[in-house]
Structures are given as structure tokens and as C-alpha cells.
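This report refers to the structure that appears directly beneath it.
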Amino acid sequence: MDLVVFVLASAMVIAGALGVVVFRNPVHAALGLVLTLFGVAVHFVAMEAHFLAAVQVIVYAGAIVVLFLFVIMLLGVDRAEDLSIEPIPIQRPLAAVVGAGTVVLVGTAVVRTRDTIARGPELEASGDSNIRLLARNLFSDQVLAFELTSVLLIVAVAGTVLLTRKQKRRPEHDGGGS
Amino acid sequence: MTAAALATLVPNSTWYLLLAAVLFGIGAFGLLVRRNPLVMFMCVELMLNAVNLSFVAFAVRFGDIAGQTAVFFVLVVAAAEVVVGLGIIVSIMRRRPGATADDLAELRG
């Protein structure tokens, strides 16, 4: 049963990722991204990270992809891109080498160390649920990082509002006031 | 391998790490190949998700919840990053409609 879930979710992840790379229309690429994000959420559930699975669906598939789609519609770039143009002659072979090299190197490292990596106790052995463990860690050990996150979000929101604001034409006779 | 042996096969953290490596490789390839800034951004999200997957796999393997806390922070930072990045892309596209990553080689507006 676990095997079936793993195979199906992995197929979703890989198919969605390939879709993001090969679809010519950005809207289709965004939908491929949704498929990948849902596949990763299924993997999180299979690894009993229930809270992260819920957040993954809400934040990534819900908010981030919708933001992508909004920007695609806003800019009107939802036309197909011509993928046959290759601006730098050997860019694609080199990119394939980089991608495949990353996979092979990381894969070799993972397979070679599969028995030497320390194996810890079961996460929920203490009887606490996943979300309780996560909350205890987040609000005790990582509480400073959690507080700094609020600063990050405020800065990001304020910066984006500033960046995307349409610049008003300054009146000719504005006096000296700023 | 018989069907009965297959049924008892349980995916362990090594499988998840391999899947994360493949997902990261696809994301890196897409980032290098695609020229539309929006699609390049989506490929960065793919790579972030690959890292999230391996974080959770290691958290399960070590029995340490801190890995899942790290994923939580990655989610928050990714959300902020997407907001800022899309803001930059919107302001660039407003000036030069249809710009690809190659057209943005110089910083001059």
C-alpha cells in the first residue's frame, strides 16, 4: 500500500516537474507546478508530516500558484513561447549535463550512505502528535527565527507595494516640498 | 521479484532522497533552459520543493522534528520571495512587454 502511494505520488511529482519545463504556455506550466506541489504534499502525508502537508497545499498550491496565475493574466504573457529558439548554441546540452550531473552525484551520495546515516527514534514515539511536536520546537528553540519571519513578511509586503506602484508624473511647479 | 515481495516493500528515506534529487535536477535544468522569467521562477519553486522533501525525509530518519521546522521556514521565505520576485517581474514587464531573461542582461531601464 505504501509502495503504491509512493509510486503514484512520485509519478505526479515527476510528471508535473517535466510539465513545468516543457510546456510552452506559462499557464500550463503553472498547472504542472500545482501537480508537483500536490505530489509533494502526498509524500508529506506518507511521511506523517501532516501539518506541513496542509500548509503545502494551502500556501503553495493555494497562494503561490494563484499569485503566479494572477501575474500571468495581468501581464498577458499567456501566449505560447517559441521553445525552438536557442540563444546560446550549446546552452541546452550544457544544461542537461548540469541537471543530470546533479542527479547522479546526489543520487550516488544518497545510495552509498544509505546504511551509514544515523537512524533515530520514531518521531511520534512520545505519543505527541506531529503538530504538537512541531509547535513545541517552533515556539521554544526557533522562536527568534519565528519572530524575525514577521519582519521579513512586513518588509516583503512593503517592498512589493513600492516596487509595483505606478509612478505619478510630478507636477511641473511643485514648489520645494517633497 | 514476486508480487508478495513487492507488497512488503516499504519506501524508506533513501527513496525520498532520490526522488528529491531527481526533482532538483529537473528544476535546475528548467532554470537554465527556459527564458521566460515567470517559468524560471517556477523552476526555482521546484528546486525549493525538492529540498523540502529531503528535509522531511531526514527529519523522519533522524527522529528530529527540527527538520520539519526548517521546512516551515522555507515555506515562509519562499512565499516572501515569490511576492518580491513577481513584483520585480511586473515592474520590468510594464516597461518592456514581452521581455525574456536575455533581454534583461543590462540593468539600465
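The values are calculated or read from the model by the stated rules, or taken from the named source; none is laboratory data. As the structure is a computational prediction, the values presented were derived from the model and not from experiment. Reconstructed Cβ throughout: ideal geometry from the backbone, glycine too, with neighbour counts over all protein chains shown. Ligands, DNA and RNA are stripped out before the accessible areas are found, and what is left, the full protein with its side chains, is counted by its heavy atoms. Shrake-Rupley method; radii C 1.70, N 1.55, O 1.52, S 1.80 Å.
Taking the options A:VAL106, A:VAL55, A:VAL98, name whichever one is surrounded by fewer than 17 Cβ atoms within 10 Å (Cβ to Cβ) and part of a helix (DSSP H, G or I).
Being surrounded by fewer than 17 Cβ atoms within 10 Å (Cβ to Cβ) and part of a helix (DSSP H, G or I) holds for just one of A:VAL106, A:VAL55, A:VAL98, which is A:VAL98.
For A:ILE90, indicate whether it is among the aliphatic types (A, V, I, L, M) and facing another protein chain (nearest Cβ under 8 Å).
The answer is no for A:ILE90.
Residues to consider are A:ALA118, A:ALA156, A:ALA135; find the one that is under 23 Å from B:ALA50 (Cα atoms) and either exposed (fewer than 14 other Cβ atoms within 10 Å of the Cβ) or not assigned by TED's automatic domain parsing to the domain that holds A:VAL21 (or both).
A:ALA118
Could you tell me whether A:GLU147 is open to solvent by less than 80 Å² (accessible area, probe 1.4 Å) and among the acidic types (Asp, Glu)?
Judged against the criteria, A:GLU147 is not a match.
If the requirement is being assigned to a loop (DSSP other than H, G, I, E, B), facing chain A (nearest Cβ under 7 Å), free of Cβ contacts under 8 Å to residues at least 60 places away in the same chain and open to solvent by 10 Å² or more (accessible area, probe 1.4 Å), which of these qualifies: B:VAL83, B:VAL10, B:VAL60?
B:VAL10
Failed condition for B:MET93, given (1) assigned to a helix (DSSP H, G or I); (2) modelled with pLDDT under 85; (3) more than 7 Å from every other protein chain (Cβ to nearest Cβ), with all others met?
With (1) assigned to a helix (DSSP H, G or I); (2) modelled with pLDDT under 85; (3) more than 7 Å from every other protein chain (Cβ to nearest Cβ) applied to B:MET93, the lone miss is (3).
Restricting attention to the range A:122-165, which residues are in a loop (DSSP other than H, G, I, E, B) and at the interface with chain B (Cβ under 8 Å from one of its Cβ atoms)?
Of everything in the range A:122-165, those that are in a loop (DSSP other than H, G, I, E, B) and at the interface with chain B (Cβ under 8 Å from one of its Cβ atoms) turn out to be A:GLU122, A:ASP141, A:GLN142.
Suppose we filter A:ALA61, A:ALA46, A:ALA54, A:ALA41 for residues that are within 24 Å of B:ALA66 (Cα to Cα) and modelled with pLDDT under 90; which single one remains?
Every option except A:ALA61 fails the conditions.
Considering the range B:15-46 alone, what residues qualify as being in contact with a helix residue (DSSP H, G or I) (Cβ under 6 Å, 6 or more places away or on another chain) and of a type in the set (Val, Ile, Thr)?
Correct list: B:VAL22, B:ILE26, B:VAL33, B:VAL39.
Would you tally the residues in the range A:4-24 being open to solvent by 30 Å² or more (accessible area, probe 1.4 Å) and more than 20 Å from B:GLN68 (Cβ to Cβ)?
Matching residues across the range A:4-24 total 11.
Does any residue in the range A:28-39 that is more than 10 Å from A:PHE68 (Cβ to Cβ) come within less than 6 Å, Cβ to Cβ, of a residue that is assigned to a helix (DSSP H, G or I) and of a type outside the set (Gly, Ala, Ser) six or more places away or on a different chain, and which pairs are these?
Filtered contacts from the range A:28-39: A:GLY32/A:VAL20; A:LEU35/A:MET12; A:THR36/A:VAL13; A:LEU37/A:TYR60; A:GLY39/A:MET12; A:GLY39/A:VAL13.
Check whether at least one residue in the range B:100-107 is open to solvent by less than 30 Å² (accessible area, probe 1.4 Å) and either among the aliphatic types (A, V, I, L, M) or part of a helix (DSSP H, G or I) (or both), and report yes or no.
no
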